[in-house]
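Structure first, then comments.
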Number of protein chains: 2
Amino acid sequence: MGRMPGQTTAFATLHLDHSSTVDRAAEELRRAVFEGEVESGTPLREVALAASLGVSRSTVREALGVLVAEGLATREPHRGVSVARPAASSVRDVCRARLVLEGAGVRGWRDADPVDRRRVREALARYTDAVAAGDSFRALNEHHLAFHVSLVALTGSPRLVAAAEALMTELKLALAQVDRIRRNTHDQAESHTALVELLEADDVEGAGAFLCDHLEDAAVQVIGALGLG
Amino acid sequence: MGRMPGQTTAFATLHLDHSSTVDRAAEELRRAVFEGEVESGTPLREVALAASLGVSRSTVREALGVLVAEGLATREPHRGVSVARPAASSVRDVCRARLVLEGAGVRGWRDADPVDRRRVREALARYTDAVAAGDSFRALNEHHLAFHVSLVALTGSPRLVAAAEALMTELKLALAQVDRIRRNTHDQAESHTALVELLEADDVEGAGAFLCDHLEDAAVQVIGALGLG
DNA sequence: CTTGTCTGATTGTCCGACAATCTGCGGCGG
DNA sequence: CCGCCGCAGATTGTCGGACAATCAGACAAG
């Protein structure tokens with residue numbers, strides 16, 4: 001598509017046509033990983049993927065590079081790319097890093113842009129609504145992590161938000177492996193409401209401590225669910 | 001290793017044993033950017049670089065992808081990759097993000113691994129020594145930023161350190177453009193010594209405030225030197 | 001059971017090709 | 001004279017094939 005020479009009218013296709021073949025391939029690979037279609041540690045063969053996705057090996061290779069950069073896969077020289085396998089240490093590190101980033105957001109609650117504060121409330125609402133509506137674990141995780149990212153956004157720093165999103169991506173990889181095992185996302189929803197209530201009461205200190213416990217707990221839960229003691 | 005056909009390279013090729021051609025190409029591009037051989041905004045043409053580096057276009061393309069991922073360059077669809085141009089807003093954001101990361105390290109001074117504390121002292125020593133020895137700007141910047149990264153390492157989180165290094169890379173890009181203009185790196189060295197002394201005295205609060213001022217000042221100075229008001 | 005070698009599979013890199021797209025220039029009409 | 005149109009060159013995005021280097025497993029030898 002994309003011809004029609006005589007047309008000079010600007011079409012709406014400009015917005016989503018922004019997708020290149022590499023982007024689509026990378027997105028498909030991400031989906032396959034999060035959907036659990038490929039297990040952790042599975043090697044991603046270039047030729048096989050090229051055939052399966054109907055694109056050239058060069059394109060697959062570039063898409064794999066994106067996955068590796070996102071931390072969803074690892075590349076070993078001359079041994080190719082395989083789906084990253086979450087280690088207990090990396091889960092702990094992700095949560096420690098999250099504590100720093102989200103803690104910074106929480107501490108900045110008072111001075112934060114009102115718009116960002118509103119976004120936190122909205123993210124919480126979407127999360128609790130999704131829980132009440134009994135959405136899929138995938139959707140719940142998505143809303144849950146989006147809420148935590150919205151906390152980082154309180155800092156007003158795009159780069160910290162980007163860093164937080166990278167951490168969440170890594171976490172989603174880990175969660176993709178234990179999705180069906182755990183369902184206590186419910187309690188977490190209430191826990192998050194409590195966190196925001198502390199913030200609304202300007203109890204930044206308390207909210208910080210709450211967050212610290214919450215993340216500590218999250219790390220333990222995930223590691224336990226992964227069976228990595 | 002792979003073959004390297006006749007090349008028009010203007011400089012000696014670096015052989016690091018277990019490094020791929022892509023890595024070497026990316027490293028060469030980084031060097032060219034930091035060395036100021038290419039100005040900000042300069043388009044990086046794939047065929048020209050392939051010829052200049054003596055590698056294939058595929059390899060150049062992959063190396064450019066690395067540069068883009070590092071934030072040293074930007075890619076616009078169908079318009080290619082060009083050296084990123086630092087904006088005032090991005091410099092401010094980098095410094096705000098640094099404050100969060102380095103602040104977390106400073107606050108964790110007491111609980112930090114003694115090895116990491118020692119590394120901070122060593123990084124400071126290397127920096128001040130380099131200043132005393134009258135090293136080049138490039139070397140001073142390198143030591144200076146390494147010191148700040150060592151503060152982040154106090155958190156013990158590899159991911160936060162990686163994030164900090166990414167921020168420093170972006171900052172180096174900005175500094176590469178105003179290198180010769182600034183000379184007050186000296187005062188900064190003393191300032192850093194004072195910071196560590198506060199830490200040694202367990203005055204974490206004071207050190208944090210000190211760091212906050214330091215980073216605020218750094219942002220202003222860099223933006224001013226860039227002439228971006 | 002250990003060790004060395006062979007063979008097939010896979011990656012890293014190169015080359016050439018082509019359509020789609022961008023950019024700058026010159027012509028045409030107003 | 002100015003602005004719009006389209007053309008030609010340059011550049012990217014993607015493809016397909018090729019080959020050496022390297023890795024993994026089987027297999028034979030000690």
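Observations, loosely collected:
- Among the residues here, B:Gly54 does not qualify as at the interface with chain A (Cβ under 10 Å from one of its Cβ atoms), within 16 Å of DNA strand C (Cβ to nearest atom), open to solvent by less than 60 Å² (accessible area, probe 1.4 Å) and farther than 25 Å from B:Glu216 by Cβ.
- Qualifying residue in segment B:94-105 (condition: surrounded by fewer than 17 Cβ atoms within 10 Å (Cβ to Cβ), within 11 Å of chain A (Cβ to nearest Cβ), at pLDDT 95 or above and closer than 13 Å to B:Glu170 by Cα): no
- Inter-residue pairs, beta-carbon under 6 Å, first more than 14 Å from every other protein chain (Cβ to nearest Cβ) and within 20 Å of A:Met168 (Cα to Cα) and in segment A:18-46, second open to solvent by 50 Å² or more (accessible area, probe 1.4 Å) and not aliphatic (A, V, I, L, M), 6+ apart: A:Ser40/A:Arg85; A:Ser40/A:Gln177; A:Gly41/A:Arg85
- Filter result (of a type outside the set (S, T, N, Q), within 16 Å of DNA strand C (Cβ to nearest atom) and either facing chain A (nearest Cβ under 9 Å) or more than 16 Å from the chain's Cα centre (by Cα) (or both)) within segment B:70-91: B:Arg75, B:Glu76, B:Pro77, B:His78, B:Arg79, B:Gly80, B:Val81
- When segment A:6-38 is filtered for residues that are within 16 Å of DNA strand D (Cβ to nearest atom), at pLDDT 50 or above and over 17 Å from B:Pro77 (Cβ atoms), the ones remaining, listed by number, are A:Glu28, A:Leu29.
- Against the list (1) open to solvent by less than 40 Å² (accessible area, probe 1.4 Å); (2) within 14 Å of chain B (Cβ to nearest Cβ), the condition A:Pro158 fails is (1).
- Wholly within segment B:49-146, helices (runs of 4 or more DSSP H) carrying at least 1 residues that are more than 16 Å from DNA strand D (Cβ to nearest atom) and under 30 Å from B:Glu197 (Cα atoms): B:88-107, B:114-132
- Members of segment A:35-48 found to be surrounded by 18 or more Cβ atoms within 10 Å (Cβ to Cβ) and assigned to a loop (DSSP other than H, G, I, E, B), listed by number: none
- From A:Ala162, A:Ala166, residue being closer than 14 Å to B:Arg96 by Cα and of a type outside the set (Asp, Glu): A:Ala162
- Total residues in segment B:127-150 satisfying the condition of being in contact (Cβ under 8 Å) with a residue 60 or more places away in the chain and not β-branched (Val, Ile, Thr): the figure is 2.
- Complete set of residues in segment B:122-143 that are in contact with a helix residue (DSSP H, G or I) (Cβ under 8 Å, 6 or more places away or on another chain), open to solvent by less than 60 Å² (accessible area, probe 1.4 Å) and over 19 Å from B:Gly36 (Cα atoms): B:Ala123, B:Leu124, B:Tyr127, B:Thr128, B:Ala130, B:Val131
- A single member of A:Val152, A:Val94 is touching an Asp or Glu at 6+ places or on another chain (Cβ under 7 Å) and under 18 Å from B:Pro158 (Cα atoms), and it is A:Val94.
- Residue tally, condition outside any helix (DSSP H, G or I) and without any contact (Cβ under 8 Å) to a residue 12 or more places away in the chain, over segment A:151-183: 1
- Of all residues in segment A:99-116, those satisfying the criterion of being more than 14 Å from A:Val161 (Cβ to Cβ) and in contact with a Leu (Cβ under 7 Å, 6 or more places away or on another chain) are A:Leu99, A:Gly103, A:Val106, A:Trp109.
- Filter result (in contact (Cβ under 8 Å) with a residue 40 or more places away in the chain, within 12 Å of B:Arg107 (Cα to Cα) and in a helix (DSSP H, G or I)) within segment B:188-211: B:Leu199, B:Val204, B:Ala207, B:Gly208, B:Leu211
- Residue identified as in contact with a strand residue (DSSP E or B) (Cβ under 6 Å, 6 or more places away or on another chain) and farther than 20 Å from A:Leu101 by Cα among B:Gly71, B:Gly80, B:Gly54: B:Gly80
- Restricting A:Phe147, A:Phe137 to residues that are more than 21 Å from A:Gly206 (Cα to Cα) and among the aromatic types (Phe, Trp, Tyr) narrows the list to A:Phe137.
- Segment B:57-84, subset open to solvent by 60 Å² or more (accessible area, probe 1.4 Å) and among the polar types (S, T, N, Q), residue nearest to A:Gly65 (Cα to Cα): B:Ser58
- The residues on offer are B:Asp179, B:Asp116, B:Asp111, and the sole one that is within 14 Å of another protein chain (Cβ to nearest Cβ), acidic (Asp, Glu) and open to solvent by less than 40 Å² (accessible area, probe 1.4 Å) is B:Asp116.
The values are calculated or read from the model by the stated rules, or taken from the named source; none is laboratory data. Predicted model, so just to flag it, every value in this text is computed and none were measured. Every residue, glycine as well, gets a Cβ built from its backbone with ideal geometry; the counts of neighbours run over all protein chains shown. Surface accessibility is based on the protein's heavy atoms, side chains included, excluding ligands, DNA and RNA. Shrake-Rupley method; radii C 1.70, N 1.55, O 1.52, S 1.80 Å.
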